[in-house]
Structure formats: C-alpha cells, structure tokens
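First up is the structure itself, then whatever we jot down about it.
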Amino acid sequence: MHVVVGLFRLFLVVLALVGTRAIWRDGDIEGLVYFTNQTGFLIAVVFTWAGVASLLRRRQPPGWLKGGVTLFAAITGLVANLVLAPEDPGAPAVFLGLTDGQIEHELLPLAVFADFLLLDAHRRLRGLDAARWLLYPLAYFAFTTIRGFVSPGSEYPYGFVDLDALGWTGLLVNVVLYGAGFFVLGLVIVGIDRILPTGPAIGWYADRSPGPETPEPAGATGSPDDASASR
C-alpha cells in the first residue's frame with residue numbers, strides 16, 4: 001500500500017508542476033506574484049518529500065508543514081470558487097482533459113485535503129500552528145502592497161488586495177476579514193487532525209516525529225514499523 005500512497009503523492013506533484021509550468025518552463029517570473037502559483041510550488045516540494053518518503057518507508061514531512069500546505073491549498077480553492085471570477089468557459093484542456101483552473105482550483109485542493117484526511121498520521125497539530133500558518137497569508141498581503149509601491153503600474157494579482165481600487169481602509173478591512181477567515185480555517189484543520197485516529201486511514205509509514213501528545217506510558221512498546229510488519 002505504501003507504493004500506491006507514494007505514487008498518488010507524486011501524481012499530485014505532477015499536477016502542481018503542470019499548473020505552474022508557465023513559470024518554471026517558460027520563465028514567466030511574474031507568475032510568482034499569484035498565491036495560487038506559490039501554493040503550487042509548495043505542494044510540489046512537500047509532496048515530493050512525502051511521496052518519496054512513502055515509497056522508501058522513511059520519515060514524512062512534519063505535521064505543521066503538511067498541515068500548512070493543506071491550509072494554503074484549501075485557501076486557493078475556496079477563494080477561487082467563492083471570490084474570483086469563474087474561469088473562461090473556452091479555456092483549453094492542458095492535462096488529462098482538464099483546464100488550468102480545474103487543476104489548480106478544484107482538483108489539487110481536493111486531492112491535498114483528501115491526502116491529509118486519509119494518508120497522514122494525525123494528532124500532530126496544535127492550535128498554535130493555525131496562528132503560525134496565518135503568517136504566510138499576512139506576508140502575502142504585505143508583499144503585494146509593497147510591490148505596488150516599488151513597481152507603480154504593475155497590476156495587483158487579485159482585486160481584494162488592490163490598494164489602488166480599495167484604498168487603505170478597504171485594504172485593511174480585507175486583511176482583517178480574510179485573515180480571520182484563514183485563521184478559523186486553520187483551526188478547523190487542527191480540529192480535524194485532533195479528532196482523527198493517530199494512524200493514517202490508508203497505509204502506514206515510519207514517522208518518528210514528536211507530536212503534541214504526552215509520552216507513551218512506561219512499558220509501552222511497538223512502533224509504526226512494528227505495526228506495518230504486522231499488517
């Protein structure tokens with residue numbers, strides 16, 4: 001089963017690279033200004049680690065990192081489907097009959113969340129992780145604002161960070177509202193992690209990274225490797 005898990009995760013890497021191909025293949029560095037593309041690269045890096053680790057039965061990425069990528073993928077999907085304008089109906093298929101929007105805004109976020117639910121070990125996250133994850137979206141708001149000052153005339157990547165259109169008051173309101181929403185979403189991910197069984201629902205792997213749980217009682221034996229051997 002670890003082979004299936006590993007191949008699934010590497011397939012998500014392929015999807016992430018397809019979605020960001022204009023940057024790494026065509027040299028469109030301006031594409032890095034989009035949160036979607038930044039998240040795509042994070043998925044490619046973290047899921048390469050997770051996929052190879054699954055195939056080789058090695059240690060997985062730490063819970064805070066995997067949970068953070070899950071949150072950023074969820075943000076990408078939710079914002080795209082609830083806030084942004086829909087994709088052009090005439091958009092061409094680019095991979096497996098899917099358009100860029102379908103890959104980046106629908107399939108990847110759902111697949112990353114499914115991976116978190118079914119293939120990850122759980123009870124590794126804390127409420128503090130949700131606050132730490134929030135630093136990245138806040139840094140993104142700051143980045144787009146500073147970019148607008150440093151490079152006048154450059155288009156803002158999204159309407160909800162467009163200082164020229166919103167003004168300072170509108171921008172700050174969006175920072176507070178979106179930041180609060182992202183924080184709550186992070187807490188939801190932490191809460192899901194805390195109520196799920198410790199081990200992944202599908203497969204098992206060697207993961208000795210400490211979580212927020214208390215140490216095992218004296219005399220307790222066994223490890224994920226032992227569990228794997230008994231299945």
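The values are calculated or read from the model by the stated rules, or taken from the named source; none is laboratory data. Small disclaimer: the values here were computed from a predicted structure and weren't measured. Heads up, the Cβs are rebuilt from the backbone with ideal geometry, glycines too, and the neighbour counts pull from every protein chain shown.
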For this session: Might you let me know whether the stretch 208-229 holds any residue that is modelled with pLDDT under 95, touching a Phe, Trp or Tyr at 6+ places or on another chain (Cβ under 6 Å) and hydroxyl-bearing (S, T, Y)?
Result: yes
Seminar exercise, completed: Subset of the stretch 81-127, residues β-branched (V, I, T) and either outside any helix (DSSP H, G or I) or within 29 Å of I195 (Cβ to Cβ) (or both), comes to V83, V94, T99, V112
Problem set entry | Given (1) surrounded by 15 or more Cβ atoms within 10 Å (Cβ to Cβ); (2) outside any helix (DSSP H, G or I), index of the condition R58 fails | (1)
Exercise. What single numbered condition from (1) modelled with pLDDT of 95 or more; (2) part of a helix (DSSP H, G or I) fails to hold for E30?
Worked result: (1)
For this session: Answer yes or no as to whether L117 is modelled with pLDDT of 95 or more and either under 20 Å from the mean Cα position of the chain (by Cα) or within 28 Å of P86 (Cβ to Cβ) (or both).
Result: yes
Exercise. What pairs can you find where one residue is in the stretch 81-103 and within 18 Å of T36 (Cα to Cα), the other is in a strand (DSSP E or B), and their Cβ atoms are less than 9 Å apart, with a gap of 6+ or different chains?
Worked result: I103/F95
Exercise. Here are some conditions: (1) surrounded by 15 or more Cβ atoms within 10 Å (Cβ to Cβ); (2) without any contact (Cβ under 8 Å) to a residue 60 or more places away in the chain; (3) over 23 Å from D193 (Cβ atoms). V18 meets all but one. Which one does it not meet?
Worked result: (2)
For this session: Search the stretch 185-202 for residues that are over 21 Å from P137 (Cα atoms) and pair each with any residue that is exposed (fewer than 14 other Cβ atoms within 10 Å of the Cβ) and β-branched (V, I, T) when their beta-carbon atoms are under 9 Å apart and the residues are at least 6 apart or on different chains.
Result: I202/V4
For this session: Scan the stretch 157-204 residue by residue and report those that are out of contact with any helix residue (DSSP H, G or I) (no Cβ under 6 Å at 6 or more places or on another chain), part of a loop (DSSP other than H, G, I, E, B) and not aliphatic (A, V, I, L, M).
Result: Y158, D162, P197, T198, G199
Seminar exercise, completed: (1) among the aliphatic types (A, V, I, L, M); (2) in contact with a helix residue (DSSP H, G or I) (Cβ under 8 Å, 6 or more places away or on another chain); (3) without any contact (Cβ under 8 Å) to a residue 24 or more places away in the chain all hold for A130 apart from (3)
